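The values are calculated or read from the model by the stated rules, or taken from the named source; none is laboratory data. Being a predicted model, the structure only gives us computed values, none of them experimental. Note that each Cβ is placed from the backbone with ideal geometry, even for glycine, and that neighbours are counted across all protein chains shown.
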Amino acid sequence: MSRLVLDTASAQTFLEPDALRREQGRAQAFYRDLVEAPDPAGVKGWVSCQESAVQLDLIRRKGAEICEKADVFVLVGVGGSNQAARAVIESIRSAHKDAPEILYAGNTFSPYEIGRILDATAGRSVYINVIAKNFETLEPGSHFRVLRQRMQERYSREEMARRVVLTGTYGSRLEEIAQENGYTFLSFPERIGGRYSAFSPVGLLPLAAMGLDIDAYLEGGRQMQERLRAEDGGIAAEYAAVRSLLYQKGFDIEMLASFEPRLSWFSRWWWQLFGESEGKQKKGIFPASAIYSEDLHSIGQYMQDGRRNLIETFLSVEDPGASVRIAPDPAFGDRFDYLDGMDFAEINRAAEDATIRAHTQGGVPCIRLTADRLDEDAFGQLYGFFMAACAVSGRLLGVDPFDQEGVEAYKRLMFHTLGKPNV
Ligand code: PA5
């Protein structure tokens with residue numbers, strides 16, 4: 001079992017100790033409210049893995065079947081309906097070599113992209129999981145139709161029933177479709193919003209289909225939830241309080257930075273979680289992300305020397321899970337001999353430490369969150385931590401971290417243009 005470590009010491013030097021104590025007290029009170037108070041709005045089902053992680057036997061069974069029989073697994077969903085699973089899969093799927101290829105659909109209107117996905121399924125054993133809490137979302141709805149039609153050209157009704165899994169709310173049109181066609185139906189629990197759905201069937205079936213260990217993942221989530229409860233909000237309240245005070249001082253952009261490129265999809269998940277939860281009423285820290293060292297050669301300039309309204313949160317990984325040592329090559333004369341015998345892990349760590357020092361000296365409040373390694377358990381912990389921190393952070397900011405009215409504006413105009421009835 002790994003343990004996440006949060007280090008806000010350097011960022012705290014930008015804050016007054018009394019103000020921090022008060023803000024931390026407010027954050028802890030919001031945390032207690034999150035986990036203890038009743039839930040009349042029906043938005044807190046994710047706070048405990050027990051309520052999110054339903055239908056586990058079915059998920060294990062179906063996941064194992066997909067993993068064994070699919071050449072291609074198409075995950076159809078957008079925003080909170082695909083990001084959590086995608087982040088884990090894109091980071092650690094190489095651990096399961098026999099898993100199917102995974103394609104992500106239902107997240108674009110680009111004909112080029114959907115055409116590419118349809119081409120990639122041709123002549124191969126295809127399984128799909130369509131995930132939509134509100135089955136009016138156009139991207140997954142439209143992609144389900146074209147994928148389904150393409151599959152129906154090859155598969156009988158019985159075979160379709162084996163190959164299609166729908167994840168939606170009970171009583172929705174998606175559930176009716178599952179019943180009418182004999183498809184497997186998984187619950188998108190009512191009291192859980194998309195971006196908080198990591199521990200529900202939304203996140204679990206895709207992980208199981210890719211051969212990943214959902215029990216270790218859920219155990220990581222549970223451990224984090226228990227730890228936060230035992231510590232009265234612990235590191236989630238601390239992170240929320242520190243960024244809240246920094247925001248009040250004018251630091252209104254947060255860069256999530258990592259030296260592990262395989263965390264780039266995790267950054268997208270984090271970006272959605274905080275952007276959609278906090279960007280309201282003309283308020284909120286703007287979330288951004290960078291993958292170093294590559295991005296040090298581009299946005300690194302701004303981080304070091306641009307406007308001083310930036311917070312930087314480093315997501316560090318203790319054990320990179322690989323080792324590549326540099327052998328001496330004295331005769332070649334490439335002038336990199338000072339690296340002889342070093343492992344890239346040491347070089348990456350030196351670059352990360354140097355970046356944190358340099359950016360701190362450049363006036364950026366730096367926070368560091370360290371995971372021992374990247375595996376299912378660690379992702380469970382990361383999700384447990386960030387979801388709680390985000391909910392508390394939204395409350396500190398004075399916004400509702402669970403709604404997203406702002407995303408409806410473009411939809412209304414688009415639906416009107418496309419002639420959707422009753423818009
Ligand atoms: O977090 C959210 O609620 C959103 O990002 C949704 O997940 C996203 O809009 C997709 O919604 P749906 O599952 O209803 O298609």
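Restricting 125, 142, 156 to those that are in the same structural domain as residue 58 (by TED's automatic domain parsing), hydroxyl-bearing (Ser, Thr, Tyr) and in contact with a Lys or Arg (Cβ under 7 Å, 6 or more places away or on another chain) reduces the list to 125.
Residue check: residue 401 meets all listed conditions (1) within 16 Å of the ligand (Cβ to nearest atom); (2) surrounded by fewer than 20 Cβ atoms within 10 Å (Cβ to Cβ); (3) in the same structural domain as residue 289 (by TED's automatic domain parsing) but one, namely (2). Among the residues making up the stretch 13-39, those that are in a helix (DSSP H, G or I) and acidic (Asp, Glu) are 18, 23, 33, 36.
Test residue 238 against the criterion of being within 30 Å of residue 100 (Cα to Cα) and in a helix (DSSP H, G or I), and give yes or no. So residue 238 does not fit the description; no.
Scanning the stretch 40-61 for residues that are assigned to a loop (DSSP other than H, G, I, E, B) and not small (Gly, Ala, Ser) yields a total of 5.
Scanning the stretch 24-67 for residues that are free of Cβ contacts under 8 Å to residues at least 24 places away in the same chain and not aliphatic (A, V, I, L, M) gives 25, 36, 38, 40, 50, 57, 61. Consider the stretch 326-353 and keep the residues that are closer than 30 Å to residue 10 by Cα and small (Gly, Ala, Ser). The one that is surrounded by the fewest Cβ atoms within 10 Å (Cβ to Cβ) is 350.
Of all the numbered requirements in (1) within 30 Å of residue 214 (Cα to Cα); (2) in contact with a strand residue (DSSP E or B) (Cβ under 7 Å, 6 or more places away or on another chain); (3) not in a loop (DSSP other than H, G, I, E, B), residue 377 misses one, and that requirement is (2).
For the stretch 168-186, the criterion of being more than 16 Å from the ligand (Cβ to nearest atom) and closer than 30 Å to residue 392 by Cα is satisfied by no residue at all. Candidates in the stretch 135-153 are the residues that are in contact (Cβ under 8 Å) with a residue 12 or more places away in the chain and outside any helix (DSSP H, G or I); of these, the one that is nearest to the ligand (Cβ to nearest atom) is 137.
So in the stretch 123-134, with the set limited to residues that are in contact (Cβ under 8 Å) with a residue 40 or more places away in the chain and more than 7 Å from the ligand (Cβ to nearest atom), which one is farthest from residue 186 (Cα to Cα)?
124
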